[in-house]
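Novice: This is the structure, below, for whatever I ask next.
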């Protein structure tokens with residue numbers, strides 16, 4: 001090892017030690033507990049195939065995450081497209097509108113949605129005032145409320161990777177397509193949309209992974225009636241003191257995230273999509 005490389009190792013050594021102590025070691029402990037509590041063996045993991053309640057939680061989580069990802073991509077694509085075509089001044093206001101929600105606490109946003117969607121909330125009062133409904137709709141403390149809150153939180157994370165991909169599209173390609181007789185719809189479908197797909201894929205991976213481990217918004221807007229994986233883990237560890245089951249599900253959550261990244265890395269260059277590659 002040369003003196004230069006040795007110097008670099010000394011520089012990154014503190015970061016490596018911090019990573020080992022505060023990240024790798026806790027994950028290893030979680031993995032160990034999942035195999036040893038309450039009894040050594042694979043009993044906790046067998047529950048994945050035998051427990052209907054665990055399977056229900058997993059299916060609920062996957063369903064909510066997939067719907068959230070789809071809705072966030074649709075809304076995020078429209079916003080990113082509008083920002084791309086906007087004037088420089090308008091683009092600044094659009095970016096401010098996208099970034100401001102990220103500066104607001106997720107807890108504040110969740111309680112704001114409870115205020116809006118509850119039975120005596122603004123949404124139900126407005127619909128009843130207009131005569132569109134005769135009684136309040138169940139908009140919160142159920143799966144619908146969770147989806148509303150999660151989509152609202154995830155849209156900015158969907159916008160940013162797609163906007164980055166759209167900004168890299170050469171406008172001359174669009175002008176050339178128009179010059180060759182393509183309509184606006186054809187230009188979008190055959191030129192702009194394919195070129196922006198790396199950003200769409202990056203946004204989908206990012207939103208889906210974030211959604212898998214989401215806790216605060218589902219816990220508040222679900223009201224304990226619709227359990228997702230993160231809330232189920234908290235319930236097992238903090239309330240029921242079932243450390244084995246809780247850590248087993250936490251381990252499976254980590255595995256699911258790694259598998260998701262692994263599958264997509266086989267299809268596309270994730271480093272390039274997320275700005276790490278040249």
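The values are calculated or read from the model by the stated rules, or taken from the named source; none is laboratory data. This structure is a prediction, so every number in the text was calculated from the model and none was measured. Virtual Cβ from ideal backbone geometry, glycine too; neighbours counted across all protein chains shown.
Novice: Identify, by number, the condition in (1) part of a helix (DSSP H, G or I); (2) at pLDDT below 90; (3) within 19 Å of residue 68 (Cβ to Cβ) that residue 262 doesn't meet.
Specialist: Every condition holds for residue 262 apart from (3).
Novice: I've got another one for you. What about residue 84, is it part of a helix (DSSP H, G or I) and either closer than 19 Å to residue 159 by Cα or at pLDDT below 90 (or both)?
Specialist: Details: part of a helix (DSSP H, G or I): yes; either closer than 19 Å to residue 159 by Cα or at pLDDT below 90 (or both): yes.
Yes; evaluated as a whole, the condition is true for this residue.
Novice: Filter segment 211-236 down to the residues that are assigned to a loop (DSSP other than H, G, I, E, B) and under 14 Å from the mean Cα position of the chain (by Cα), then identify the one that is nearest to residue 57 (Cα to Cα).
Specialist: 228
Novice: Sticking with this structure for a sec: What residue, of 14, 26, is more than 20 Å from residue 253 (Cα to Cα) and at pLDDT below 90?
Specialist: Values: 26 fails: more than 20 Å from residue 253 (Cα to Cα).
Matching residue, one of 14, 26: 14.
Novice: Now for a different question. Check off (1) assigned to a loop (DSSP other than H, G, I, E, B); (2) more than 21 Å from residue 216 (Cβ to Cβ); (3) in contact with a helix residue (DSSP H, G or I) (Cβ under 8 Å, 6 or more places away or on another chain) for residue 139 and give me the number that stays unchecked.
Specialist: It fails just one condition, (2).
Novice: So is residue 208 within 19 Å of the chain's Cα centre (by Cα), surrounded by fewer than 21 Cβ atoms within 10 Å (Cβ to Cβ) and in a helix (DSSP H, G or I) or not? First the steps, then the outcome.
Specialist: Details: within 19 Å of the chain's Cα centre (by Cα): yes; surrounded by fewer than 21 Cβ atoms within 10 Å (Cβ to Cβ): no; in a helix (DSSP H, G or I): yes.
Against the criterion (within 19 Å of the chain's Cα centre (by Cα), surrounded by fewer than 21 Cβ atoms within 10 Å (Cβ to Cβ) and in a helix (DSSP H, G or I)), residue 208 does not qualify.
Novice: Would you confirm, using the coordinates I've provided, whether residue 33 is in contact (Cβ under 8 Å) with a residue 40 or more places away in the chain, within 13 Å of residue 248 (Cα to Cα) and in a helix (DSSP H, G or I)?
Specialist: Numbers: in contact (Cβ under 8 Å) with a residue 40 or more places away in the chain: yes; within 13 Å of residue 248 (Cα to Cα): yes; in a helix (DSSP H, G or I): yes.
Here the answer is yes, as residue 33 does meet what is asked.
Novice: Being more than 16 Å from residue 256 (Cβ to Cβ) and in contact (Cβ under 8 Å) with a residue 60 or more places away in the chain is the filter here, so list the residues in segment 57-94 that pass it. I'd like the intermediate steps shown before the answer.
Specialist: Filtering segment 57-94 down to residues more than 16 Å from residue 256 (Cβ to Cβ) leaves 67, 70-94.
Hits for segment 57-94 are 67, 71, 72, 73, 75, 76, 77, 79, 80, 81, 83, 84.
Novice: Ok, one more. If you scan segment 168-198, which residues turn out to be within 23 Å of residue 154 (Cβ to Cβ) and either at pLDDT below 90 or not in a helix (DSSP H, G or I) (or both)?
Specialist: Passing the criteria: 168, 198.
Novice: Continuing with the same structure: Using the structure shown, decide if residue 244 is closer than 19 Å to residue 46 by Cα and buried (at least 19 other Cβ atoms within 10 Å of the Cβ).
Specialist: Working: closer than 19 Å to residue 46 by Cα: yes; buried (at least 19 other Cβ atoms within 10 Å of the Cβ): yes.
Criteria met by residue 244.
Novice: Can you tell me how many residues in segment 151-180 are within 15 Å of residue 91 (Cβ to Cβ) and buried (at least 22 other Cβ atoms within 10 Å of the Cβ)?
Specialist: 3
Novice: Could you check how many residues of segment 42-69 are over 19 Å from residue 31 (Cβ atoms) and not in a helix (DSSP H, G or I)?
Specialist: 1
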